[in-house]
1. Going 7 Å from the Cα of residue 88 in the Cα-to-Cβ direction, what parts of region 1-40 have a backbone nitrogen less than 17 Å from that spot?
2. Using a 10 Å cut-off around each Cβ, can you sort 126, 121 from fewest to most neighbouring Cβ atoms?
3. Report, in deg cm²/dmol and to the nearest 500, the calculated mean residue ellipticity at 222 nm for the chain, where each DSSP H run with n ≥ 4 adds -39500 (n - 2.57) and the sum is divided by the residue count.
4. For labels at residue 63 and residue 31 in the simple 7 Å Cα→Cβ model, what's the distance in nm?
5. Using DSSP, restrict attention to beta bridges with both residues in the chain and report what percent are antiparallel, rounded to the nearest 5.
6. Using unit Cβ charges (K, R positive; D, E negative) and no other charged atoms, how large, in debye to the nearest 20, is the dipole of region 1-95 about its Cα centre?
7. In the set (i) 22, 19, 17; (ii) 32, 18, 15; (iii) 29, 22, 13, which value of semi-axes √(5λ) of the Cα gyration tensor in Å was calculated from the structure you see?
8. About the Cα centre of the chain, what is the dipole size in debye to 20, counting +1 per Lys and Arg Cβ and -1 per Asp and Glu Cβ, all else neutral?
Amino acid sequence: MKPKVIAIVGGKKVGKTTTTENLIKELTKHSYKVAAIKHVSEPDFTIDTRGKDTWRFAQKGAKTVIIISPNEIATIEKGNTENTPLQTLLKKCKENDIVLIEGLKTQVAKKTSIFKIAVVTSKEETENATSKYKPIIAFSGPYNTEAINPEIPYADALKNPGKLASIVENQILKK
C-alpha cells in the first residue's frame, strides 16, 4: 500500500515546522509510521559536515555516500537536485503509512493527490491558501479560520495537536 501524502503549506515563519513536528508526534502515538520530507531553499545547505569522512568522499567525487551507525542510515546523493521529481522523493518513503512534506509548495500546490494542511496567521493568508492549494483538509496556525471557512476544519497544532491528528486520521488514514 502506498503511503498517504500531506503537504504542510504556508508562508515563512507561520508555524509549518511546529505543525509538522506535532503531527508526527501525535500520529506516531497512534502507531502510524511517518516519513517527513523537508525542502531547504538555502543554496549552500548540506547535512554533511565539512572535513568528516563522508564529506571527504564526496569531495573526491562520490555521487552517493551512505553512512551507517548503530541507530541510523543516511544516504547523501550529490548532484543538481533542482529538477528532482516529487515521485523520486516519495519512493524513498514507501515503507511508511504517511508522508508529511514541508516545503516544495510549487510542486504540491495543485496536485489533488496530495492533501494539504494550510498554516495561516491571518484572513488574507487563509484566502490566499484557499485559492492556491487544493485540496486543503485542515487549517492550522494562530489564526482561527472557522468563521470565514467553516467547511474546512481548523485545529491549532500548537494548542491542540491531537485534534489535527484526528482530522488527518479520519479524513485520510482510515479511508
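Coordinate-derived values only; no laboratory data. Since the structure is predicted, the reported quantities are computational estimates derived from the model, not experimental observations. Using ideal geometry, Cβ is built from the backbone for each residue, glycine included, and neighbour counts are taken over all protein chains shown.
1. Answer for this model: 37-40.
2. Ascending number of Cβ neighbours within 10 Å: 121, 126.
3. After summing the helix terms and dividing by residue count, I get -7500 deg cm²/dmol.
4. So the label points at residue 63 and residue 31 sit 4.2 nm apart.
5. The antiparallel proportion sits near 20 percent.
6. The calculated dipole for region 1-95 is roughly 180 debye.
7. Only one listed value fits the structure, namely (ii).
8. 460
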